[in-house]
1. Only one of (1) touching a Cys at 6+ places or on another chain (Cβ under 7 Å); (2) away from chain B (no Cβ under 13 Å) is not met by A:Q96, so which one is it?
2. Which numbered condition trips up B:V93, out of (1) crowded, with 18+ Cβ neighbours inside 10 Å; (2) away from chain A (no Cβ under 14 Å); (3) under 16 Å from the mean Cα position of the chain (by Cα)?
3. Among the numbered criteria (1) part of a loop (DSSP other than H, G, I, E, B); (2) touching a residue at least 24 places away in the same chain (Cβ under 8 Å); (3) more than 20 Å from the chain's Cα centre (by Cα), which one does A:N19 miss?
4. What number of residues within segment A:148-181 satisfy the criterion of being more than 22 Å from A:G302 (Cβ to Cβ) and in contact (Cβ under 8 Å) with a residue 24 or more places away in the chain?
5. Filter segment A:41-55 down to the residues that are within 19 Å of A:I312 (Cα to Cα) and part of a helix (DSSP H, G or I) and list them by number.
6. If a residue has to be open to solvent by less than 20 Å² (accessible area, probe 1.4 Å) and within 18 Å of the chain's Cα centre (by Cα) to count, how many in segment A:234-249 make the cut?
7. Looking at A:T102 and the list (1) more than 10 Å from chain B (Cβ to nearest Cβ); (2) without any contact (Cβ under 8 Å) to a residue 60 or more places away in the chain; (3) over 20 Å from the mean Cα position of the chain (by Cα), which single condition is not satisfied?
8. Identify, from the list B:K59, B:K51, the residue that is modelled with pLDDT of 95 or more and either of a type in the set (V, I, T) or assigned to a loop (DSSP other than H, G, I, E, B) (or both).
Amino acid sequence: MRDVAVIASAQRQERSIDNESEVEFMVPLMQQVKESVGLTQQDIGFTCSGSSDFIAGQAFSFVMTIDGTGPVPPISESHVEMDGAWALYEAWVKLQMGEVDTALIYGYSKSSPGSLRDVLATQMDPYYVAPLWPDAFAIEALAARQMLEAGKVDHQRLAEIASRARTHAATNPHAVRRTEKSVEDIMGEAPMADPLRPSDISAAADGGCVVILAAGDRARELSDRPAWIRGIDHRTDAHTLGVRDLTQSMSARIAGEKAGVGDDKVDFAELYAPFTTSEYVLTEALGLGDDVVINPSGGALGAHTMMASGLIRIAEAAERISRGDGDRAVAHAGSGPVLQQNLVCVLEGE
Amino acid sequence: MGYNQDPSVPPAALSGAVSIPDALADLEPVRSVTTPLRMEYTATPGASLSKYLRAMKEKRIIGDVCPDTGMVFVPPRGVSPVSGKRTTETVDVADEGYIESFNITRIPIKGRDDLHPPYVSAWVVPDGSNTGSIALVAGDDLDLDDVRIGMRVKAVWKPDDELEESAANILHWEPTGEPDAEVPDMMRIGRPTDGGAQ
């Protein structure tokens with residue numbers, strides 16, 4: 001396998017970005033990342049992005065965002081209707097093929113123009129489920145209820161996850177929910193989608209993330225301490241919720257095994273967990289023990305930019321590796337109802 | 001069976017009776033499923049497009065200036081697709097220009113009863129802009145056979161008291177009768193910036 005590393009990243013997340021279009025707020029991030037490693041768009045071998053028109057309710061919004069890369073003369077480019085982490089996977093494959101040495105990846109969305117929890121109902125089966133308009137909170141609440149009834153988690157454990165996420169988010173300038181809250185106070189919150197309380201649910205944000213990948217010596221040349229991708233895999237569960245055990249994630253477990261999560265000590269993990277219950281499921285599926293710091297950035301509970309949140313997990317983990325905060329990290333991205341798809345990436349410093 | 005090449009022949013699936021298996025013979029066939037779908041958004045156009053729409057209310061067309069090349073893009077989107085940089089400067093361009101290309105539409109479009117075929121959709125480049133955009137070319141005496149690349153056209157605006165923040169303020173573009181513009185270069189990127197074609 002060819003050595004490929006995350007060498008630079010930039011992100012912006014805000015509760016709502018009203019005065020800028022998606023391309024207007026993405027261009028400064030793209031420029032910032034390229035400038036930080038001294039590359040121009042023409043130096044970049046492959047560009048790949050993740051977004052969805054449903055989020056902002058704007059048809060073909062991603063077409064305009066391509067203009068932000070400066071694609072003159074024409075560039076090699078691709079787009080996925082998935083979180084930007086899957087765009088990173090596509091770029092990683094391209095780098096593995098030896099076709100290119102560098103890649104620019106971005107994911108973004110503006111969810112504030114609509115109601116994200118309702119928009120997400122459109123990803124359900126359009127014949128039997130979507131016509132009932134089950135919103136994303138209600139669907140996750142079904143899974144949460146099963147976990148609680150099965151005795152896998154209790155409210156105390158979920159409140160602890162929520163409280164710790166808020167404490168971490170308070171130190172992250174990109175987080176949008178940055179007020180600390182005690183376990184006791186969270187336990188006292190009125191349920192929002194019973195049994196889920198407001199603090200169990202991610203904090204929706206507008207924004208995006210841009211990452212640069214580089215292979216081998218090119219990565220060493222451009223970065224003092226690249227965050228090497230030692231393993232990466234993604235798996236999907238069935239779309240039909242009824243055939244899955246929602247209290248666990250087989251796809252996350254298999255992706256974690258294939259990526260080699262358990263092969264060595266993990267210092268910290270950045271997990272795409274839009275609910276406290278998803279964090280519980282993921283730590284179990286990936287076999288992360290109490291010694292692993294989970295979501296030092298505050299995770300999606302601190303800021304959840306749909307289509308970028310998974311890529312941001314990879315960027316956050318890579319930043320920490322490059323800074324020397326740890327030597328081995330797990331980054332995870334998820335997609336679909338109740339984490340139908342899971343991508344796991346193991347990052348290491350040298 | 002090859003592809004049907006005749007556009008006037010309906011697709012096979014719609015051309016005959018629906019057949020159903022014997023086991024379902026007594027049931028009424030399901031011909032369609034309707035899924036109610038409604039999502040509401042409060043969209044904001046962004047800084048650059050907002051400025052463009054506000055200018056429209058004043059019967060002005062504005063474009064973005066590329067900070068690297070000086071090229072002018074209409075409508076402005078806040079970014080130069082040539083350099084990939086945010087634009088900070090806007091300029092007024094003329095409400096006159098020339099037809100870079102065109103087509104004549106002869107079939108009606110669903111939901112656009114205001115358009116009466118045959119009509120001309122053209123790519124109009126305003127003077128002072130490096131890019132054109134799609135526009136309706138019309139006029140009382142417009143002879144469709146007369147429409148051509150290089151034809152000079154001018155915007156016909158809505159009455160002043162009906163102007164709003166909308167690109168629809170331009171009802172259509174009509175020929176000016178001036179001599180044709182010379183269209184020296186079909187490449188949209190790289191066109192000289194000195195006010196379009198001469």
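1. Result: A:Q96 passes all but (1).
2. Here B:V93 clears every test but (3).
3. Status for A:N19: all satisfied but (2).
4. Going residue by residue through segment A:148-181, those that are more than 22 Å from A:G302 (Cβ to Cβ) are A:148-152, A:154.
This time we only want the ones that are in contact (Cβ under 8 Å) with a residue 24 or more places away in the chain, so: A:148, A:150, A:152.
Final tally of qualifying residues: 3.
5. Of segment A:41-55, the ones within 19 Å of A:I312 (Cα to Cα) are A:47-52, A:55.
Scanning segment A:41-55 gives a single hit, A:I55.
6. Residues that pass the stated criteria total 1.
7. (2)
8. On the way: B:K51 fails: either of a type in the set (V, I, T) or assigned to a loop (DSSP other than H, G, I, E, B) (or both).
When all the criteria are applied, what remains is B:K59.
The values are calculated or read from the model by the stated rules, or taken from the named source; none is laboratory data. Only a predicted model underlies this, so the values are computations on that prediction, with no experimental measurement involved. When we count neighbours, we look across all protein chains shown, and the Cβ atoms used for this are built from the backbone with ideal geometry, even at glycine. The accessibility values were calculated without ligands, DNA or RNA, using every heavy atom of the protein model including side chains. Shrake-Rupley method; radii C 1.70, N 1.55, O 1.52, S 1.80 Å.
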